[in-house]
Amino acid sequence: MLKGDLSKKKLINFLLTEYKIENVFEITNINKGTENFNYMIISKNKKYVMTISKTNLRTINAYKSLITFKHSSDKLQKLVKNRKGGIFFYLNKKISFISEFIEGSEPKNVSKLDCFEIGKFISNFHKNTCKCYISNPFNLRNLTKKLKKNIESIRNSDKLHLIKIKKVILNIIEGSFYKKLVSKICHCDFFKDNVIKVEELKFIVIDFHMMSFESRLYDICVFINDWCFKKTSLNHNRLIYFLIGYFKKNKLIKKEIVLISKFILIVSYRFLVTRLIHSFKNINFKKKPSSYFKMIKYYQVRRNSFVLFLKGLFNFINEELYSKKN
């Protein structure tokens, strides 16, 4: 029996009947993901991944919006259509779909050029995904409700952190600066373990379940925290090349660049919240709550120097990319 109470024999029969997949001889669990169940499907000639979502309608809306995204489509996981041309089906009353298995690995030795290419991809993604509204449970506006629901069930040592975080987030998202930010459909979970490097400077982005309509600074700040921050310091070179790549496809205004210094605190708090809640529920993540406490302290202590760096970077990118065009 597979996790999710699925019969392997029935599942194989379903796949052979509904899909053009020949000779399925093995299905195994993949221990990845808190928002879904994942299974490896091994057939005679190919490997696939079947995902059973815990989020149903939101999953359909998220992946439907991807179908409209034609730019850089070679960098997205490829969904497999069934014999009738459909993508989604129900298993155990959960929305499910199949994608092609991607041979590769999580990026480890990240180069400056990797950051440049990823900057271009995220910029393209923000610019060209469909104009629709998608929200996830940890959308910044939903986050305070999530906090209220979980605060009473958290141990006292962490409860004080969550109460403080709720106040900080409310003050920021109700402020005038947040309402003026440009919002787009964002991936919202752009961690290294959601990117598969298939060869040098070529990668595939997966797991779009957390997509949401947010400020485009959201994805930028998630990238900075996971790809550019190590232990107690920021890799400025990676950030520089990432933003140069972003500007190649989609320009940020100076105010947005400067506000990264403030917005990155919101994003750090947002993921600290989920780490605290999930650690109480014994769900493990690579980045522990302590990692986010270190990030938050770093950004708070170095805020002025970080703002100066961002301003200088904005001026440099504008001069290098746009003045030469004119």
Residues (of a type in the set (V, I, T) and either part of a helix (DSSP H, G or I) or within 11 Å of C221 (Cα to Cα) (or both)) located in the range 233-271: I240, I244, I257, V258, I260, I264, I266, V267
So S123, is it within 24 Å of C188 (Cβ to Cβ), in contact with a strand residue (DSSP E or B) (Cβ under 6 Å, 6 or more places away or on another chain) and of a type in the set (S, T, N, Q): no
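Yes or no, residue by residue, for (1) surrounded by fewer than 23 Cβ atoms within 10 Å (Cβ to Cβ); (2) modelled with pLDDT of 90 or more; (3) in contact with a strand residue (DSSP E or B) (Cβ under 6 Å, 6 or more places away or on another chain):
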{"position": "S176", "(1), (2), (3)": "yes, no, no"}
{"position": "C186", "(1), (2), (3)": "no, yes, yes"}
{"position": "S215", "(1), (2), (3)": "no, no, yes"}
{"position": "T232", "(1), (2), (3)": "yes, no, no"}
{"position": "R238", "(1), (2), (3)": "no, yes, no"}
{"position": "F247", "(1), (2), (3)": "yes, yes, no"}
{"position": "N250", "(1), (2), (3)": "yes, no, no"}
Single unsatisfied condition, Y292 versus (1) within 29 Å of T129 (Cα to Cα); (2) buried (at least 21 other Cβ atoms within 10 Å of the Cβ); (3) modelled with pLDDT of 85 or more: (1)
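Has the range 297-307 got at least one residue that is among the hydroxyl-bearing types (S, T, Y), modelled with pLDDT of 85 or more, surrounded by fewer than 16 Cβ atoms within 10 Å (Cβ to Cβ) and not in a helix (DSSP H, G or I)?
Here is the first cut: in the range 297-307, the ones among the hydroxyl-bearing types (S, T, Y) are 298-299, 305.
Still in the running and modelled with pLDDT of 85 or more: 298-299, 305.
If we keep only those that are surrounded by fewer than 16 Cβ atoms within 10 Å (Cβ to Cβ) as well, we get 305.
Checking the rest, the ones that are also not in a helix (DSSP H, G or I) come to none.
No.
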Qualifying residue in the range 69-80 (condition: in a loop (DSSP other than H, G, I, E, B), farther than 19 Å from V205 by Cα and at pLDDT 85 or above): no
F203 vs. criteria hydrophobic (A, V, I, L, M, F, W, C), within 21 Å of D226 (Cα to Cα) and modelled with pLDDT under 85: no
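The values are calculated or read from the model by the stated rules, or taken from the named source; none is laboratory data. This one's a predicted model, so the numbers in the text were calculated from it and none came from an experiment. Cβ: placed from backbone, ideal geometry, glycine included. Neighbour counts: every protein chain shown.
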